[in-house]
Amino acid sequence: MSETGDMTMILDKNLEDLEIQEVLKNGTDLREYALQIDKSIKEAEKNSVADYLKESENIASLHNQIEDCDSILAKMESMLLVFQNDLGSISNEIISLQKRSVNMSVQLSNRQALKGPLSSFIEDMAVSETLIFGINNVPVIDKEFMIQLAILNQKLNFVKEQNFKETKACHDVKDVLEKLKIKAVSKIRTYILEQIYKFRKPMANYQIPQNAMLKYKFFFEFILANERNIAQEICNEYIDTLSKVYYSYFKSYASRLDKLKYEEVPTKDDLMGIEDGSKGGFFQKSNLKNKSTIFTIGNRGDVLAQQLEAPIIVPHVQQKTKYSYEALFRSLQYALVDNSCREYLFTTEFFHVKGSHAQELFDRILGKTLSLLVKNVENYVLECYDCLALFLCIQLINRYRWMCHKRAVAALDSYWDSLLSSLWPRLEFVLKLNIQSVRDCDPAKLSNKEMGPHYITRRYAEFSAAMLSLSEQFPSEELSNLLLVLQDEVHCFLLKMAAEFPQRIQQLIFLINNYDMVLSILMERTRDNTKEAESFREQLQARSTEYVEEILSPHFGGLMQFVKEGEQLQESGKKNELANLEKKSLSLVTSFTAGWKKSLEEIHREVLVSFPNLVTGSGLLQMALTNFVQYYHKFVKLLTPNARTQLVNIHVIMVEIKKYKTNY
């Protein structure tokens, strides 16, 4: 209202100013003007009083209304002040409620977060009636016992953990769990020992109790975690029992197998360089009734192939059959591999051991048995002179070692090494004896001096082929070196033996027959082109070439010499001396024409008679005829035109040669 009054005053003042300006402008007398204004004011005052009197009742009514409004406004002000105070209190209460709500939300979250672990804690800590009944009354082989045992094991581990944290609740259940543990351990111990004692029954199949123990292998795990002394007792009882079982079984089995061995065995007199039948040796016909010689492999190599994993020999079933040592060795070692691998895998799984601990446990179970078997082999090799048997045993060991590794069992490695440490030195010793026997063999003292394959050569060929074929999968540098030494000695022997024949052609026939036999056997029995085969092939080729020259020389020696001399003169350019050979050539043409057919017949007969191997004889004959044709072609070229007219036509000769062609 004050602002409106101010505005009115400003407007009035402005109007007065305008009026004053107007008066001044018109030159009006100010005193008159003032009197006039004063008179106007008084009239206005009278008029306003009259108006006020006329509106007095309305003004009084307005005054009353204003007072009423003022009273109402005062009450409203009082009410608003009270309401303001109430709102302040409500705001404070709302803030308080918000704080309480936040606190309650935090408390709820904490309680919810605690609810899960607390429930789990109570569940893990509490011992139910079902658990007590299951451990105390349910048989150990029942599935329910296994379930309750797992629960008990979990609770025992949980209480141990909480006890370490000094949780007071552990004291409430500790005694109950301890009693349940003792009861469970007692029942499990009784059951496992009962299974172990089943091994002791005669003729028992111990795979059955082992399988039963593996089915409940958690039993030992429970005892191992809670009562280590009981676990050690069970382990010791198992070791003691199985050690005796295996020792008894393999001792009996090895003894019964030994009775199936051939009675006739090779001795120190049965060496490669010793003549047949001397000193009642191994090669007498009486000793060959049921087996081949010690230098021929025959079917003995089957122990490394189809018989490697064949069923073991059952002595009481096959008591009338006799076997070579390597066959008995295979059966015994395969039985050991089968039992050892199964035992190692069982002990590692059931007793929860690995690495060095598993090896130690395995050695305690089978150590005595393995020592027995090693001792048996050591006793055998002391008197063994059969190289093939020794080498077959070595190869069996290599294959069985590989088989064990394939089954993830390396526990027998030291055992295999022990056997090899006995077999290898003996094999080298006997091989050196055979080498020495060939070296010491005096051809002059031998009764057999035929030009066919020698028995020493045959023995060497059979033996070398056997050793090479057997060592293909697991080669040995030591053996290869010894075989090369033996090969050199056989070469030397053949040369010395050939020198016993007076004629060179006889020597060549002997060497070719022997080289050919060795090469044939090596090529037949071995896969690859061995060094031995290559060496004998070179010797055979050289001697064959020389033999062809020797067999042609008695019949066509003049012609051959003429060709050689003529070619030398041609190469030297000595035409005059070459012309002087014409007289000689005429006599050669005459003698050749008269007897060439007969000479071919004699060569054919002589070659085929000299070589038992028809393929070899036929090859040498064809080689001789080929050389003959080559010499004849060269002879024709060296002749003068006059001499050529007297020669037999080459086509006639070729037709005659075709008669001697064979299909071998």
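Per-structure values
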read-out: Scope the range 498-522; condition more than 48 Å from the chain's Cα centre (by Cα) and among the charged types (D, E, K, R); matching residues; value: 500, 504
read-out: Identity of the residue in the range 526-538, in a helix (DSSP H, G or I) and crowded, with 19+ Cβ neighbours inside 10 Å, that ends up farthest from the chain's Cα centre (by Cα); value: 536
read-out: Filtered residue count, the range 612-621, keeping only those that are part of a helix (DSSP H, G or I) and buried (at least 17 other Cβ atoms within 10 Å of the Cβ); value: 6
read-out: Those residues of the range 402-461 which are assigned to a helix (DSSP H, G or I), open to solvent by less than 50 Å² (accessible area, probe 1.4 Å) and closer than 30 Å to residue 617 by Cβ, in sequence order; value: 438, 443, 455, 456, 457, 459, 460, 461
read-out: Where a residue in the range 398-409 is closer than 12 Å to residue 309 by Cβ and its partner, wherever it lies, is assigned to a helix (DSSP H, G or I) and among the β-branched types (Val, Ile, Thr), with Cβ under 7 Å and at least six apart; value: 400/337; 403/337
read-out: Residue that is farthest from the chain's Cα centre (by Cα) [pool: residues in the range 103-136 that are hydroxyl-bearing (Ser, Thr, Tyr) and at pLDDT 70 or above]; value: 105
read-out: Those residues of the range 476-512 which are open to solvent by less than 10 Å² (accessible area, probe 1.4 Å) and within 16 Å of residue 544 (Cβ to Cβ), in sequence order; value: 494, 498, 508, 509, 510, 511, 512
read-out: Selection status of residue 368, closer than 19 Å to residue 245 by Cβ and open to solvent by 10 Å² or more (accessible area, probe 1.4 Å); value: yes
read-out: Condition check for residue 536: aromatic (Phe, Trp, Tyr) and either at pLDDT below 80 or under 22 Å from residue 498 (Cβ atoms) (or both); value: yes
read-out: Every residue from the range 513-525 that is open to solvent by less than 30 Å² (accessible area, probe 1.4 Å) and among the hydrophobic types (A, V, I, L, M, F, W, C); value: 517, 518, 519, 521, 522
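Results for (1) of a type outside the set (Phe, Trp, Tyr); (2) within 24 Å of residue 381 (Cβ to Cβ); (3) touching a helix residue (DSSP H, G or I) at 6+ places or on another chain (Cβ under 8 Å), shown as yes or no for each residue.
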| position | (1), (2), (3) |
| --- | --- |
| 314 | yes, no, no |
| 327 | yes, yes, yes |
| 332 | yes, yes, yes |
| 335 | yes, yes, yes |
| 344 | no, no, yes |
| 347 | yes, no, yes |
| 351 | no, no, yes |
| 360 | yes, no, no |
| 364 | yes, no, yes |
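Conditions (1) touching a Leu at 6+ places or on another chain (Cβ under 6 Å); (2) aliphatic (A, V, I, L, M); (3) at negative phi, marked per residue:
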residue: 523; (1), (2), (3): no, yes, yes
residue: 530; (1), (2), (3): yes, no, yes
residue: 535; (1), (2), (3): no, no, yes
residue: 547; (1), (2), (3): yes, no, yes
residue: 559; (1), (2), (3): yes, yes, yes
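The values are calculated or read from the model by the stated rules, or taken from the named source; none is laboratory data. Since we're looking at a predicted model, the values are computed, not measured. FYI the Cβ positions are ideal-geometry reconstructions off the backbone, even for glycines, and counts take in every protein chain you see. Only protein heavy atoms, including side chains, enter the accessible area calculation; ligands, DNA and RNA are left aside. Shrake-Rupley method; radii C 1.70, N 1.55, O 1.52, S 1.80 Å.
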